[in-house]
């Protein structure tokens with residue numbers, strides 16, 4: 001029996017999240033169905049990041065165990081089987097103890113917001129109504145994220161996590177143009193719903209609803225999910241999952 005680590009990208013608009021749910025169409029469900037057809041065996045996968053309904057991924061990871069031979073031209077054949085909104089990026093044979101979720105050393109996300117009307121962003125970014133965010137203020141607040149490590153304020157109550165500590169390496173807003181803004185964040189791990197909570201809280205600073213002091217006090221208070229605004233799913237993209245010595249493509 002050999003273990004394989006795979007990577008895929010997808011638009012999450014039409015799916016009820018990544019993880020399999022009874023009676024729902026999910027990314028994992030479609031992936032396992034197509035892998036099982038191709039490998040002629042009931043394949044069960046373990047995902048790296050269980051993205052929520054409507055969240056997208058430029059690259060997400062998964063692993064599975066398989067005893068047979070991997071077919072030639074796997075990339076081409078998998079992409080022929082998958083729907084247009086899911087793309088298979090690559091597959092690697094890895095050590096038996098590698099786990100898609102627990103062996104990842106870093107993850108990065110990007111969140112996209114825009115002002116005005118843009119049909120090409122519909123379902124793929126969050127439209128801001130009535131204000132243009134103050135990027136400079138949001139970046140001052142974002143710098144505080146690197147300073148702290150306990151982010152229980154962005155953790156939902158009774159989430160069951162063993163620790164709310166996260167090592168955030170990078171957090172910054174960039175102006176693509178006068179009406180489009182991207183937030184990039186990278187860390188060793190994230191809590192469930194954390195990135196959307198962070199973005200929502202930073203946008204409140206950028207709108208002038210919350211101050212920089214309010215943002216820092218919320219983090220320092222260490223109370224579960226005191227971030228009271230979570231940015232919508234459609235603007236969030238899992239950008240990359242990092243493993244030591246492994247590239248996502250074949």
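The values are calculated or read from the model by the stated rules, or taken from the named source; none is laboratory data. Note that this is a predicted model, so its numbers are computed, not measured. Note that we place each Cβ from the backbone using ideal geometry, even for glycine, and neighbour counts take in every protein chain shown.
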> Mind checking which residues of segment 111-145 are assigned to a strand (DSSP E or B) and either without any contact (Cβ under 8 Å) to a residue 60 or more places away in the chain or farther than 16 Å from residue 175 by Cα (or both)?
Replying inline: 127
>> Can you pull out every residue in segment 212-247 that is farther than 22 Å from residue 114 by Cα and without any contact (Cβ under 8 Å) to a residue 40 or more places away in the chain?
In response: 213, 214, 217, 245
> at pLDDT below 95 and in contact with a strand residue (DSSP E or B) (Cβ under 9 Å, 6 or more places away or on another chain), is that true of residue 226?
Replying inline: no
> In segment 51-69, what count of residues is obtained for those that are over 16 Å from residue 33 (Cα atoms) and either out of contact with any strand residue (DSSP E or B) (no Cβ under 8 Å at 6 or more places or on another chain) or surrounded by fewer than 20 Cβ atoms within 10 Å (Cβ to Cβ) (or both)?
Replying inline: 7
> With respect to the numbered conditions (1) in a loop (DSSP other than H, G, I, E, B); (2) under 21 Å from residue 234 (Cα atoms), which one is the sole condition not fulfilled by residue 162?
Replying inline: (2)
>> Looking for something in contact with a strand residue (DSSP E or B) (Cβ under 6 Å, 6 or more places away or on another chain) and within 17 Å of residue 111 (Cα to Cα) - is there at least one such residue anywhere in segment 197-220?
In response: yes
>> Looking at segment 109-123 only, could you name the residues that are touching a helix residue (DSSP H, G or I) at 6+ places or on another chain (Cβ under 7 Å) and at pLDDT below 95?
In response: 123
> Of the residues that sit in segment 29-50 and are over 23 Å from the mean Cα position of the chain (by Cα) and in a loop (DSSP other than H, G, I, E, B), which one is surrounded by the most Cβ atoms within 10 Å (Cβ to Cβ)?
Replying inline: 43
>> Please go through (1) assigned to a strand (DSSP E or B); (2) buried (at least 22 other Cβ atoms within 10 Å of the Cβ) for residue 172 and return the number of the only condition it doesn't satisfy.
In response: (2)
>> Consider segment 99-145. How many of its residues are surrounded by fewer than 18 Cβ atoms within 10 Å (Cβ to Cβ) and over 23 Å from residue 56 (Cβ atoms)?
In response: 11
> in contact with a helix residue (DSSP H, G or I) (Cβ under 8 Å, 6 or more places away or on another chain) and closer than 26 Å to residue 121 by Cα, is that true of residue 200?
Replying inline: no
>> Any residue in segment 60-87 that is free of Cβ contacts under 8 Å to residues at least 12 places away in the same chain sitting within a Cβ distance under 7 Å of a residue that is in a strand (DSSP E or B)? List the pairs, counting only those 6 or more apart or interchain.
In response: 79/87; 79/88
> Does any residue in segment 146-163 that is over 17 Å from residue 217 (Cβ atoms) come within less than 6 Å, Cβ to Cβ, of a residue that is surrounded by 13 or more Cβ atoms within 10 Å (Cβ to Cβ) and modelled with pLDDT of 95 or more six or more places away or on a different chain, and which pairs are these?
Replying inline: 146/168
